[in-house]
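Below: the structure, in structure tokens.
The values are calculated or read from the model by the stated rules, or taken from the named source; none is laboratory data. None of these values were measured; they are calculated from a predicted model. Please note: Cβ atoms are built from the backbone with ideal geometry, for glycine as well, and neighbour counts cover all protein chains shown.
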Amino acid sequence: MKRLDFVTLKLFVAIADSRSLTRAAEREHLALAAVSKRISDLETQLSTTLLYRRPRGVELTPAGHALLHHARHMLDSLDHLNADLSEYSVGIRGHVRLHANTSAVIEFLPDDLSDFTARYPQIRIDMQERLSHEIIAAVRDGLTDIGIFSAHIPAEGLSIHPYRRDRLVLVTARDHPLATRQSLAFAETLDYDFIGLEQDSSLHALLHQDSQRLAQPLRMRIQVRSFEGICRMIDRGMGIGILPARAVAAYRESLSLATIPLIDEWAERELVIGVRDLEALPLIARQMVEHLAGASSRDPGPDTDTDADADVDAEDARNSASAGVTTKV
């Protein structure tokens, strides 16, 4: 089949809407003879009749209805394409698609993307919050340009770049028996009920994997979809949880929470940037990857002192544990 041109498709839609070659010709500012010839040529090209010619107008044949459906879809896509490209003519530098996990969205991307858009104020960013395994699949399938996810999730075939590190801490209500501890190991928490993220999250997988290694079941009492939901459940005394320290900081003033550093090695967690092919990305997307990859060397924000204290506590606890001593307040 020869290529269809958009002028003829637009004309065919006008005929279908008006049920008249004459009215379609007036609508599209064409001569009636030119309209009639275009439709006849289209029918010849497709080897099928598209219109029933009636004394008072035209009607679509079944093939005509099928063409109308696809023509509307193609013309709608063309309109979206024109709208997107028109933004470049008025100064928009590009459009970047970004998928990121909850930790990145809450802890780091607000500051990092704010810095980036300050440098490139006319770009568009389409950001979606997804689970780490969904992000990896989206990058592989070309549904997003850039993905940010947990480093411990396998991502074969992607180009991986370091992004940020976050520290996981135990979160309890302030009157919980563990709230007075300076630091502790994950194994010491497994006698208590947990509030956690949904089953498919990378954080849930991390905790479940270590509980299996320890041969102790993870007593997951309630699973929710957000860090805020976990914190509110913990505040009401319904269980304990493990969350990134920076994410919990946002709820400390409004909720009665305590955070205790974990001495487990996996509690120091790495977030990475994944792309299919860095060189194949549009220039603005490559610039964003470069900006995000360099973010860890910039000012980490107001939680620096808290994180530094947590580093000291965790290191002291590791040293004490290696000497056979349990750390307590």
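Scan the range 114-135 residue by residue and report those that are touching a strand residue (DSSP E or B) at 6+ places or on another chain (Cβ under 6 Å) and crowded, with 16+ Cβ neighbours inside 10 Å. Spell out the reasoning first.
Of the range 114-135, the ones touching a strand residue (DSSP E or B) at 6+ places or on another chain (Cβ under 6 Å) are 124-128, 130, 132, 135.
Correct list: 125, 127, 130, 132, 135.
Within the range 205-229, residues that are assigned to a loop (DSSP other than H, G, I, E, B) reach partners that are among the β-branched types (Val, Ile, Thr) and surrounded by 15 or more Cβ atoms within 10 Å (Cβ to Cβ) with beta carbons closer than 8 Å, at six or more positions or on different chains, in the pairs 226/102. Looking only at residues of the range 55-83 that are more than 16 Å from residue 9 (Cβ to Cβ) and not β-branched (Val, Ile, Thr), we find that the one that is surrounded by the fewest Cβ atoms within 10 Å (Cβ to Cβ) is 55.
I need the helices (runs of 4 or more DSSP H) fully contained in the range 99-181, keeping only those with at least 2 residues that are of a type outside the set (A, V, I, L, M, F, W, C) and under 30 Å from residue 256 (Cβ atoms). Give the steps one after another, and end with the answer.
Numbers: elements: 102-107, 109-119, 132-140.
Output list reads 102-107, 109-119.
Filtering 188, 198, 156 for residues that are surrounded by 15 or more Cβ atoms within 10 Å (Cβ to Cβ) and out of contact with any Asp or Glu (no Cβ under 6 Å at 6 or more places or on another chain) leaves a single hit, 188. Could you tell me whether residue 98 is at pLDDT 90 or above and closer than 25 Å to residue 297 by Cα? Considered against the rule, which asks whether it is at pLDDT 90 or above and closer than 25 Å to residue 297 by Cα, residue 98 comes out as yes.
Okay, residues lined up against (1) within 42 Å of the chain's Cα centre (by Cα); (2) surrounded by fewer than 17 Cβ atoms within 10 Å (Cβ to Cβ):
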site	(1), (2)
5	yes, yes
25	no, no
33	no, yes
53	no, yes
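For every residue, the table says whether it meets (1) over 20 Å from residue 174 (Cα atoms); (2) touching a residue at least 40 places away in the same chain (Cβ under 8 Å); (3) part of a helix (DSSP H, G or I).
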{"site": "191", "(1), (2), (3)": "no, no, no"}
{"site": "199", "(1), (2), (3)": "yes, no, no"}
{"site": "232", "(1), (2), (3)": "no, no, yes"}
{"site": "242", "(1), (2), (3)": "no, yes, no"}
